[in-house]
Amino acid sequence: MSNRQSKIRNLSIIAHIDHGKSTLADRLIQQSGLLTEREMQEQVLDNMELERERGITIKAQAVRLIHKGKDGEEYTLNLIDTPGHVDFNYEVSRSLAACDGAVLVVDAAQGVEAQTLANVYLALDNNLEIVPVINKIDLPSAEPERVKAEIEDIIGLDCSEAPLISAKANIGIDNVFDKIISDIPAPEGDENAPLKALIFDSFYDSYKGVIVFMRLFDGSVKKGTKVKFMATNKVFEAVEVGVFGPGQFLPVDELKAGDVGYLTASIKNVRDTRIGDTVTNADDPVKEALPGYKKVNSMVYCGIFPADGSKYGDLRDALEKLQLNDAALRFEAETSVALGFGFRCGFLGLLHLEIIQERLEREYNLDLITTAPSVIYKVYLTDGTQIELSNPTDLPDVTTIAKIEEPIVRAEIILPSEYIGTIMELCQQRRGEYEGMEYLEETRAVLTYKLPLNEIIYDFFDVLKSRSRGYASFDYELIGYEPSRLVKLDILVNREIVDALSFIVHEDSAQEKGRKMAEKLKKEIPRHQFEIPIQAAIGNKIIARETISAVRKDVLAKCYGGDITRKRKLLEKQKEGKKRMRQIGSIEVPQAAFMSVLKLDEE
Amino acid sequence: MTSLYIHIPFCKKKCLYCDFLSFSDTEYINEYFDALIREINAFDCKKVRSIFIGGGTPSYVDCGYIGKVMEALSRYDIDENTEITIEANPGTLTLDKSKAYRSYGINRISIGLQAWQNELLKKLGRIHTREAFIENYENVVKAGFKNTNIDLMFSLPDQTYEMWLETLENVTALCPTHISAYSLIVEENTPFRNMELALPDEETDRKMYHDAISFLNSMGYKQYEISNFAKEGFHSVHNCVYWQRGDYKGFGLGAASLIDNCRMKNTENIHDYIKGKTVIENDILTKADCMAEYMFLGMRMTKGVSISEFYNKFGEDMTVKYKSTFEKFRDFIEIDGDIVRLNEKGIDISNMIFCEFV
């Protein structure tokens, strides 16, 4: 280890949602002296508008801090931010791979939660040194000693020296700095060896091209260095290298082993830089790439279509740009009879889906129609072939199907014991299979259930939260596929199947879901000048029917004493409402109708 | 040729369904009429096609004010055949007032009855009874009015189909020359919006409407617009100007005008108006606006719109331009030689059709 490296610490902060990760990050940034009070936005790392509104961090980002340690030496701390939600385990994992240690923040009142555990396991997988920190000790309900004991019991981490802090009230922050410097190992690596750097994130800038975020394990890179991206075999000449100042890129002359920084190289094609790839010297490459990241699979798929068909190209460009920063996003072209040209997109989970949808709408100003989410089914045909089905529309004729398998997850739910009954009931309703229960302490337990993924992708999380008054936390992992009695439910609007409304459902609940779906659509689809039947069908069998009656009256009787402008505005408003609908045959269907299946259990 | 509208924004009491611009406070009445007459004096036009004094309740204010307005208007080119209408509400109309209106040259009177049943009138927040209406109507006839309109409403809270027929029978028995029949619209910002109302369902509403059309037709009142019915030769010249996009100038608070394809609107703030700030909106219509208006106003009339007139005005073939709309609503639109019109079913859903034109 060089003297330079001994003054570097590369770390992440990990926590369950709302345990105060972002607030602590803000404090560390503020106290490192790089920012003035005025520059200090409330949450510096969460700079996306959407993240701020939802109070969660979506995309990993990095910032470099300068801190003067107890020994009087100046240390460089590279803080790599990680998202906190179950959907984003992959993003957490790729950020952690760039670190040497992690600060684990645990709420002094709430204690260990499901995502605390999930994040700790990811950190251990990456061989990180974990520094536990007890936050929110200023809360009246804080029980730091109990929480310390809980961490020691459940996770097995020594908490005897864990800093007791309040990031919000600015208590104990110095202790956190001290523990980071004393406990997290400094980076190692040979700066004279060939370049070996890990891409943990990237960002598309319209002036500089792709900006690659990386951690250097060996070697060095500066302006003019010819670099190679090992997965794509593309070679570029570095135009600029630098580090992450607060909210800005700071160019430097050179990055060396142990550093965290960025590189630009006039890279125009977003596909040339893969997150998880290794960057090396083009002329003197390393023999083996870094192990890279945990492979990520899309768990949830849905169709995304432009409301205005002519925006198909814009949607594709936007998806490509988002994919640059989000390796977990998958998409391929899809055509729907009802919705025209669009994309079948794969996501980590439902929250990920919602975030991408909102970013497309806000950042790229696109008006979208999203179809109901689906998981991937394995369909075995009678001729012995097997297909992976992510789009219910593509389910072959029932007579050719030998069996269908659906993905199963193991879910761990941590909850106060008073809610055990109601949550078990919920899991039962969702075809859950009880696996076990363990008391963490007298009043809190971990429930373990096997659940079909398709039962939790719609609204499971919301219902879980509302039934436990927000106290239950939840995490899951895919454990495999199991055969199941599944059928495709088709919806006919005005006697024609609307492909985008089909969904796959367990045989036993088909009748009820079909009925609810027809009722829901009756409410969503406005009346027309003629009667519209809404039917739910399995194959040729109609299992539910509703009728939307014809409009009998839509007329402005009075002309408002010659104020024609007012009348014209009313008509324009009415027309504007129609524009936001999708024409299916002679029926105008509102965009929200395509998500109806998500809301079948409302009311 | 220009039509003139004069707005009198005062009422004894505002009805519960009303979202027109009117006040029951007469504090500013003198200043208002001064400002109104200044506005009239500042405007020039050649020949006057029609005049309409509306409100509010023009018959509520002292008839001397109306006399002054008519005097100010007298410098325009008006002949004895020019239709001059005043709006009146029962309970405000005496024989002397009616005679005075005649003496100012007003030759048409439009009376708001709305319903025949006193219990319905009360629900609407009207100030008058059926008996007051009958008495006022007799005064109007005695004063010599030969051209009278009675305004009616249906689809009212607690109104039954039978009540509506009773209204139509009694009103036609009085032999006015013109009847307007409006389906109640519960507007935003009216007390009705926040009240629990037992309104007839759509089925009943439409039965009331279609049966009124055939009943009135049998009594010699031919429908010529969605809500308007007249005896032969007595359709309202002034109303037709609105639907056929003739020029008109509105005087007074919130009054609207259309002159040379420019739509204007006066301020709705009475203090500004009194100070002489009048026109606040100026909307120069594009060709597309004009075409849209031609369609959605013209098709309110039973005689429909003319394909050749549209071509002469705009140089476009309406049957090509609106082909998809005509096709989509083929069960609701009749194309008869040069004429395109809504059928009775089409009137029922006319907004759905009209919004395709804007």
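How much length, in nm to one decimal, is gained on full extension between A:Asp283 and A:Ile401, taken as 0.36 nm per residue of separation minus their Cα-Cα distance?
Values: separation 118, 0.36 × 118 = 42.48 nm, distance 5.41 nm.
Here the segment from A:Asp283 to A:Ile401 would lengthen by 37.1 nm.
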For region B:287-358: relative contact order, % (alpha-carbon pairs under 8 angstrom, 6 or more apart): 36
12 Å Cα-Cα reach of B:Lys249 towards aspartates and glutamates, excluding residues that sit fewer than 8 places from it in its own chain: A:Asp563, B:Glu39, B:Asp44, B:Asp260
Helix-only [θ]222 nm of the protein assembly as shown, DSSP H runs n ≥ 4, -39500 (n - 2.57) each, per residue, nearest 500: -8500 deg cm²/dmol
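Output the peptides A:539-549, A:400-410 sorted from most to least packed, where packing is the average of other Cβ atoms within 10 Å over each peptide's residues. Could you put the intermediate results ahead of the total?
Working: A:539-549: 14.5, A:400-410: 17.4.
Output ranking for A:539-549, A:400-410: A:400-410, A:539-549.
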In range of the label at B:Asn189: residues from region B:281-305 whose backbone nitrogen is under 16 Å from the point 7 Å along Cα→Cβ: B:281
log₁₀ of I(q)/I(0) at q = 0.06, 0.08, 0.13, 0.14 Å⁻¹ - chain B, Debye sum with one point per alpha carbon: -0.23, -0.41, -1.15, -1.34
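Tell me, what is the FRET efficiency for B:Ser74 and B:Ala288 to the nearest 0.05, using R0 = 25 angstrom and their Cβ-Cβ distance as r? Spell out each step's value before the answer.
Details: r = 40 Å, r/R0 = 1.58.
Step by step, r from the Cβ atoms, then E = 0.05.
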Spherically averaged projected area in nm², based on the convex hull that wraps the Cα atoms of region B:200-281: 8.1
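Ratio of Rg to Rh for region A:457-581, alpha carbon only, Kirkwood? Spell out each step's value before the answer.
Details: Rg = 21.5 Å, Rh = 18.5 Å.
The Rg/Rh ratio comes out at 1.16.
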Region A:492-501 - phi-based ³J(HN,Hα) in whole Hz, Karplus 6.51/-1.76/1.60, Gly and Pro as x: 10, 10, 6, 6, 10, 5, 9, 4, 5, 9
Relative counts (whole %) of C-alpha pair distances in region B:11-87, using bins that are 10 Å wide: 16, 47, 29, 8
Viscosity 0.692 mPa s, 37 °C: Kirkwood-radius Stokes-Einstein D of region B:287-358 over Cα pairs, µm²/s: 275
Over 23 Å (Cα to Cα) - which of A:Lys234/A:Lys268; A:Lys573/B:Lys328; B:Lys222/B:Lys323 fall in this group: B:Lys222/B:Lys323
Compactness of region A:238-362 - radius of gyration and Dmax, Cα, Å: 18.2, 55
Percentage relative contact order, chain A, counting C-alpha pairs under 8 Å, at least six apart: 10
Kirkwood hydrodynamic radius of region B:231-358, Cα pairs, Å: 16.2
Antiparallel DSSP beta bridges within region B:2-241, percent to nearest 5: 15
Pair A:Gln31, A:Leu570: separation of 7 Å Cα→Cβ label points (nm): 6.4
Sites A:Gln428 and A:Glu588, calculated FRET efficiency, Cβ-Cβ separation with R0 45 Å, nearest 0.05: 0.65
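Which entries of B:Lys99/B:Lys231; B:Lys68/B:Lys99; A:Lys378/A:Lys465; A:Lys7/A:Lys256 have Cα-Cα distances beyond 19 Å here? Display every interim value, and only then the final one.
On the way: B:Lys99/B:Lys231 24 Å; B:Lys68/B:Lys99 15 Å; A:Lys378/A:Lys465 31 Å; A:Lys7/A:Lys256 13 Å.
Result: B:Lys99/B:Lys231; A:Lys378/A:Lys465 exceed 19 Å.
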Given A:Lys179/A:Lys287; A:Lys208/A:Lys311; A:Lys21/A:Lys516, the pairs whose alpha carbons are separated by over 30 Å: A:Lys179/A:Lys287; A:Lys21/A:Lys516
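What ranking, highest mean first, results for peptides A:454-463, A:7-16, B:273-282 when packing means the other Cβ atoms within 10 Å averaged over each residue?
On the way: A:454-463: 19.7, A:7-16: 24.5, B:273-282: 15.0.
The packing order, highest mean first, is A:7-16, A:454-463, B:273-282.
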Debye equation applied to the C-alpha atoms of region A:101-194, log10 I(q)/I(0) at 0.11, 0.15 Å⁻¹: -0.34, -0.58
Considering only the protein assembly as shown, percent of DSSP beta bridges that pair antiparallel, nearest 5: 75
A:Gln248-A:Lys168 FRET efficiency (beta carbon distance; Förster radius 41 Å; 0.05 resolution): 0.95
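Semi-axes of the equivalent ellipsoid of region A:514-603: what are they in whole Å, largest first, if each equals the square root of 5 times a C-alpha gyration tensor eigenvalue? Walk me through the numbers before you get to the answer.
Numbers: eigenvalues 213, 39, 26 Å².
Computed over region A:514-603, the values are 33, 14, 11 Å.
With viscosity set to 1.306 mPa s and temperature to 10 °C, compute the Stokes-Einstein D of chain A, Rh being the Kirkwood radius across alpha carbon pairs; µm²/s, no decimals. Mind showing how you got there, number by number?
On the way: Rh = 26.7 Å.
Using the Kirkwood radius from Cα pairs, D works out to 60 µm²/s.
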Length gained when the stretch B:Glu169-B:Thr319 is fully extended (0.36 nm per residue, less Cα-Cα span): 49.9 nm
Orientation-averaged projected area, Cα convex hull of region A:146-250 (nm²): 10.6
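Values in this text are rule-based calculations from the coordinates and carry no lab data. Keep in mind it's a predicted model, so treat the numbers as computed, not measured. So basically every Cβ, Gly included, is an ideal-geometry build from the backbone, and we count neighbours across all protein chains shown.
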